[in-house]
1. Quick one: would you say Ala183 is in contact (Cβ under 8 Å) with a residue 12 or more places away in the chain and hydrophobic (A, V, I, L, M, F, W, C)?
2. Just the residues that are free of Cβ contacts under 8 Å to residues at least 24 places away in the same chain and not hydrophobic (A, V, I, L, M, F, W, C), please, taken from the range 207-225.
3. So is Val316 of a type in the set (Val, Ile, Thr), out of contact with any Cys (no Cβ under 9 Å at 6 or more places or on another chain), farther than 25 Å from Asp204 by Cβ and not in a strand (DSSP E or B) or not?
4. When you look at Phe149, is it among the hydrophobic types (A, V, I, L, M, F, W, C) and more than 20 Å from Ala211 (Cβ to Cβ), yes or no?
5. Quickly run through the range 236-263 and pick out the residues that are surrounded by 20 or more Cβ atoms within 10 Å (Cβ to Cβ) and either in contact with a helix residue (DSSP H, G or I) (Cβ under 7 Å, 6 or more places away or on another chain) or not in a loop (DSSP other than H, G, I, E, B) (or both).
6. Out of Gly41, Gly35, Gly28, report the one residue that is of a type outside the set (S, T, N, Q) and without any contact (Cβ under 8 Å) to a residue 12 or more places away in the chain.
7. State whether the residues of the range 79-92 include one that is over 28 Å from Ala4 (Cα atoms) and either out of contact with any Leu (no Cβ under 6 Å at 6 or more places or on another chain) or in contact (Cβ under 8 Å) with a residue 60 or more places away in the chain (or both).
8. Within the bounds of the range 115-123, is there any residue that is in a strand (DSSP E or B), within 25 Å of the chain's Cα centre (by Cα) and surrounded by 18 or more Cβ atoms within 10 Å (Cβ to Cβ)?
Amino acid sequence: MKLAQIASALNARLENGSPDTEITGVAGIEEAAPGQIAFVGNPKYDAAARTTRASGVIVAEDFPAIATAMLRSKNPYLAFARAIEFFYHPPKYAPGVHATAVIHPTAKVGPDAHIGPYVFIDEHVEIGKNAVLLAHVVIYQRAKIGDNFFAHAHAVVREHCRIGSNVILQNGVIIGADGFGFAKDDSGHWNKIVQSGPAVVEDDVEVQANACIDRASVGETHVARGAKVDNLVQVGHGSRVGEDALLCAQVGLAGSTEIGDKVILAGQVGVAGHCKIGDGAIATAQSGIPNDVPAGAVVSGYPAIDNKLWLRCSAVFNKLPEIAKAVRAKSEKA
């Protein structure tokens, strides 16, 4: 594919280099070889862009000029993501039902579905058109799923759950497992609370490997349109996740948490039950959130506080031994 063709397809402006340069793939800025394109979206790689062997680099519109051909873009990361699609072609799955799959007679599966080995679809399930269910996927009773559903091996959708269109479940995802609900009796034994409410996942959601979205005791657990849920995330029963929210690896939401639209929770953030995180808020990695967070806030640490305050506190923390020593010395003199 010619460099000029890529620039045109990405709506990027080509500077330097020959428009006829043949591009055969994409790579990271430090690993790229001639014939490949890379991108720079993080300032710490600016120096690498000046020494890269890539035949082209996707950069921001205000990126300083370099000798290598540049494809200037308003959103270089998104442009690079789309460039990958030009060269990587994922497996195609032809319509059909594998001989080992089991589909209950009352289930309704739309046209052009690919049903892989050992898939099980229980009674009264409804699945829209163009579904792909790979090996060992299990769909429990009365689940309802929209069009273009893609479930990788060993994904599970539990009873009565509802899933919209264009949803992707990566390997080992569980939608609608029982929420963690138990009530203690007078003798101190834990009694299971029936988890009667479904998990609901709207359109354009992707849930990545081994993440769990629990069903609710009453009501429902709800993940809104466009949300992205990373590996090993736990969405507790009765929680709500807003549109285009981003829950990164190992995030944990306790029961009845409310996450607003476009919220970003970085890796290993934990949120206590019944907390509300306002629209557009960001929690940096490993933050612990025991209270509500207002819309647009950026918080860090445990208990989570304003990010700028946390950075100042962290700077002081390293000096605490010296401060304590000085305080002791002053106290002894007194």
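The values are calculated or read from the model by the stated rules, or taken from the named source; none is laboratory data. If you're wondering where the values come from, they're calculated on a predicted model, not measured in any experiment. Using ideal geometry, Cβ is built from the backbone for each residue, glycine included, and neighbour counts are taken over all protein chains shown.
1. Spelling it out, it is not the case that Ala183 is in contact (Cβ under 8 Å) with a residue 12 or more places away in the chain and hydrophobic (A, V, I, L, M, F, W, C).
2. The answer is Gly219, Glu220, His222.
3. Against the criterion (of a type in the set (Val, Ile, Thr), out of contact with any Cys (no Cβ under 9 Å at 6 or more places or on another chain), farther than 25 Å from Asp204 by Cβ and not in a strand (DSSP E or B)), Val316 qualifies.
4. no
5. Passing the criteria: Arg240, Val241, Leu247, Leu253, Ile259.
6. Numbers: Gly41 fails: without any contact (Cβ under 8 Å) to a residue 12 or more places away in the chain; Gly35 fails: without any contact (Cβ under 8 Å) to a residue 12 or more places away in the chain.
Of the residues listed, the single one that is of a type outside the set (S, T, N, Q) and without any contact (Cβ under 8 Å) to a residue 12 or more places away in the chain is Gly28.
7. Among the residues of the range 79-92, at least one is over 28 Å from Ala4 (Cα atoms) and either out of contact with any Leu (no Cβ under 6 Å at 6 or more places or on another chain) or in contact (Cβ under 8 Å) with a residue 60 or more places away in the chain (or both), which makes the answer yes.
8. For the range 115-123, residues in a strand (DSSP E or B), within 25 Å of the chain's Cα centre (by Cα) and surrounded by 18 or more Cβ atoms within 10 Å (Cβ to Cβ): absent.
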